[in-house]
1. I'm trying to understand the selection: among the residues of the range 43-89, which are of a type in the set (S, T, N, Q), open to solvent by 70 Å² or more (accessible area, probe 1.4 Å) and either at positive phi or modelled with pLDDT of 85 or more (or both)?
2. Which ones in the range 49-63 are without any contact (Cβ under 8 Å) to a residue 24 or more places away in the chain and either of a type outside the set (Val, Ile, Thr) or more than 18 Å from residue 25 (Cβ to Cβ) (or both)?
3. So which residues in the range 14-25 are open to solvent by 80 Å² or more (accessible area, probe 1.4 Å) and either touching a helix residue (DSSP H, G or I) at 6+ places or on another chain (Cβ under 7 Å) or at pLDDT below 85 (or both)?
4. I'd like to verify a number: residues in the range 26-42 that are in a helix (DSSP H, G or I), open to solvent by 70 Å² or more (accessible area, probe 1.4 Å), without any contact (Cβ under 8 Å) to a residue 12 or more places away in the chain and not charged (D, E, K, R), how many?
5. Considering the range 64-88 alone, what residues qualify as being farther than 27 Å from residue 32 by Cβ, of a type outside the set (A, V, I, L, M, F, W, C) and either in contact with a Phe, Trp or Tyr (Cβ under 9 Å, 6 or more places away or on another chain) or free of Cβ contacts under 8 Å to residues at least 40 places away in the same chain (or both)?
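The values are calculated or read from the model by the stated rules, or taken from the named source; none is laboratory data. Small disclaimer: the values here were computed from a predicted structure and weren't measured. Don't worry about glycine lacking a Cβ; one is built from the backbone with ideal geometry, like all the others, and counts go over all protein chains shown. Side chains are part of the model used for accessible areas, which takes the heavy atoms of the whole protein and leaves out ligands, DNA and RNA. Shrake-Rupley method; radii C 1.70, N 1.55, O 1.52, S 1.80 Å.
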Amino acid sequence: MEENEGGGARGGGTETYSHIWWALASAAQLGWAISSFKRGHAGDSHFMPFKAFYVASLFVGATSTAAVSVLHVSGIHKVRFSLSLPLAF
């Protein structure tokens, strides 16, 4: 994601539009998930757990790409985790 921060090949400005792509990806995944959910059961019932996992993962993916879009819009481009756990063994 760092290549989007300095303007790069798109010009000398510092304004980026990567959040638009994340929002479009979120909308596409959400639309795909809703259409798959409305379609319901089709075919062999042995594949229902896989179909349910497929639809649920589309909803989770749509939520995560929407969250990334919100982070980009708010100006947060990097998240650094500094996790230090006490060793109590």
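1. 63, 74
2. Selection gives 49, 50, 51, 52, 53, 54, 56, 57.
3. 14, 15, 17
4. 1
5. Answer for the range 64-88, where residues must be farther than 27 Å from residue 32 by Cβ, of a type outside the set (A, V, I, L, M, F, W, C) and either in contact with a Phe, Trp or Tyr (Cβ under 9 Å, 6 or more places away or on another chain) or free of Cβ contacts under 8 Å to residues at least 40 places away in the same chain (or both): 75, 80, 82, 84, 86.
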